[in-house]
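Presented below is the structure to which this report refers.
The values are calculated or read from the model by the stated rules, or taken from the named source; none is laboratory data. Predicted model only: the values in this text are computed from it and were never measured. We place every Cβ from the backbone using ideal geometry, glycine too, and count neighbours over all the protein chains shown.
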Amino acid sequence: MARNQRKSKSQRAGRFSAVLGVGLILVAVLGIVLLLTPLGGKVKRGVKELLGRESVVIEKTVEPGSGKTEVSRPEELSPLEKDPDPQFPKGVLRPPDGVEVRRLSKGIDLKVGFDSSAGELASMERKDSEAYLAEYTLKVRMPRAATSLEDLTLTSPQLHEIFPGLEAMLPQAKVSAWYRQLYANKAARLKADVGRLDDVLSRHNFYDCETILNLRSEESGQRLFLMQAEMDVVSDGSDGDRLAEMPAEIVDSTNYQPFTSYRWRKTGSTPNPMIKGWERRIGNARREIEDAATGKERKNWLGNRIKMLEAGIADMKYASFLIAEYDPFIVIPSNILTDRRDPYAPNIGDFAVVVHGRSVYPAIVGDAGPSFKVGEASLRMAREINADADPYSRPVSDLTVTYLVFPRSAEDPRRPPDYETWRKRCGELVNKVGGLGEGVELYRWKNLLPLE
């Protein structure tokens, strides 16, 4: 009886195993068919997305020869830990093709990264400014000044041949305090504008000065202010006595400045041509003030503008100025020009020579510029070096121009430009610091102003 019961149970178990086996075979067949259909493809992709990546089974032998193996699986990444975009740029971010970002980049390379961590509830994190934050740091390396002959000839290879006396003066040369002040001013400007990428100094304009040195000849005692930089263009200035007419676009321009820092008492009776344009601007301002629709703030601004224009007209009636399109001169930062303690600091009217390649151009310090940039000359000087130069296109972008200024050499009283006198005086001063090299001569400027 017991044996028959055990046999009955065994038969039932066998039938169940058979049915289960058939069922498993049917499921397997259906699974294979399903995976071969479009629906199967969706299922496979869904599984991959849930797992984050395909699972890989790794088998390794526990004991050689034993036939025993241990199955291990790599730790799966959850969807939160998996990088949702493996193409996210690493390292330096470059603008994509066809995208113009120069106004924002300013020559600055932007290094990017992505960082995430576990936090609190979303309702809490959206109230915390630190939870979703982009950080930006502007890193700048402050350049050292060129001090040796090797340094100076790196950008101006022929400088020691043009000025053979330079080598003897360099061992006692001092880096000017104005070099350090220049880059301190640049850094201060960067700090002030660091959050405004449209206004921050470009890489080009930050690194615009290779050196400023104080040199002195042991033989003559002549001091020399040496600066290596690029060359930008200034296009200001006017003088009715030498140029009675100027183009209408200049006369009516609100940007063109009729003045230069170098000026002298007007000697002729011909009015400054810029006065007409300034008088028209005063008339327009007065009519706008009389208009009932003009607001109070605008009227106050116009009133101050009229006072400025009237003062400028009075100045143009009293004095004459250099004309950048015709006169060769250079520009020095205003904070240097106003210093009276530094015996090496240039002043307005000091004689200077500009070296580019093997050419040496006589000039004077004719105007003042901003305290955070250097390397600027008149349009006349710029076009002599590069015929394509204009007020919007610099003649020299590299730091290959050497400006040599002879401090405290300005004539007193100031007088209208005389290019031959300037050349002669510059030649005398150059001779005091060793003279020019063999075959090198000072450039001779021609007067391009209309003959009377």
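Things worth noting here:
- With respect to the conditions (1) more than 32 Å from the chain's Cα centre (by Cα); (2) among the acidic types (D, E); (3) closer than 30 Å to R408 by Cα, E310 lacks only one, and its number is (3).
- Meets criteria (in the same structural domain as N185 (by TED's automatic domain parsing) and within 25 Å of Q158 (Cβ to Cβ)) for L399: yes
- Region 321-333 residues that are within 21 Å of T402 (Cα to Cα), paired with ones that are in a strand (DSSP E or B) and hydroxyl-bearing (S, T, Y) (beta carbon under 7 Å, 6 or more apart): A324/S378; D327/S378; P328/Y361; P328/S378; F329/S378; I330/Y403
- The single condition among (1) within 24 Å of L154 (Cβ to Cβ); (2) under 30 Å from the mean Cα position of the chain (by Cα); (3) not charged (D, E, K, R) that V440 does not satisfy is (2).
- In region 414-452, residue surrounded by the fewest Cβ atoms within 10 Å (Cβ to Cβ) [restricted to those that are among the charged types (D, E, K, R) and more than 23 Å from N347 (Cα to Cα)]: K446
- Evaluation of M274 against the conditions (1) out of contact with any Phe, Trp or Tyr (no Cβ under 6 Å at 6 or more places or on another chain); (2) within 30 Å of V200 (Cβ to Cβ) shows that the sole unmet condition is (2).
- Region 214-330 holds strands (runs of 3 or more DSSP E) entirely within its bounds, and those carrying 2 or more residues that are modelled with pLDDT of 95 or more and crowded, with 19+ Cβ neighbours inside 10 Å map to 223-234, 319-321.
- Check on N347, surrounded by fewer than 24 Cβ atoms within 10 Å (Cβ to Cβ), in contact (Cβ under 8 Å) with a residue 40 or more places away in the chain, at negative phi and under 25 Å from the mean Cα position of the chain (by Cα): no
- Exactly one residue among R394, R380 is over 22 Å from A146 (Cα atoms), surrounded by fewer than 23 Cβ atoms within 10 Å (Cβ to Cβ) and in contact with a Leu (Cβ under 9 Å, 6 or more places away or on another chain), and that residue is R380.
- R189 in a helix (DSSP H, G or I), of a type outside the set (G, A, S) and over 30 Å from P362 (Cβ atoms): yes
- In the set S334, S253, only one residue is outside the structural domain of W178 (by TED's automatic domain parsing) and among the hydroxyl-bearing types (S, T, Y); that residue is S253.
- For region 286-294, the count of residues that are touching a residue at least 24 places away in the same chain (Cβ under 8 Å) and either out of contact with any Pro (no Cβ under 8 Å at 6 or more places or on another chain) or more than 25 Å from E249 (Cβ to Cβ) (or both) is zero.
- Yes/no for G119 being at pLDDT 90 or above and either surrounded by 15 or more Cβ atoms within 10 Å (Cβ to Cβ) or not β-branched (V, I, T) (or both): yes
- Residue check for R394: closer than 24 Å to F206 by Cβ and among the basic types (K, R): yes
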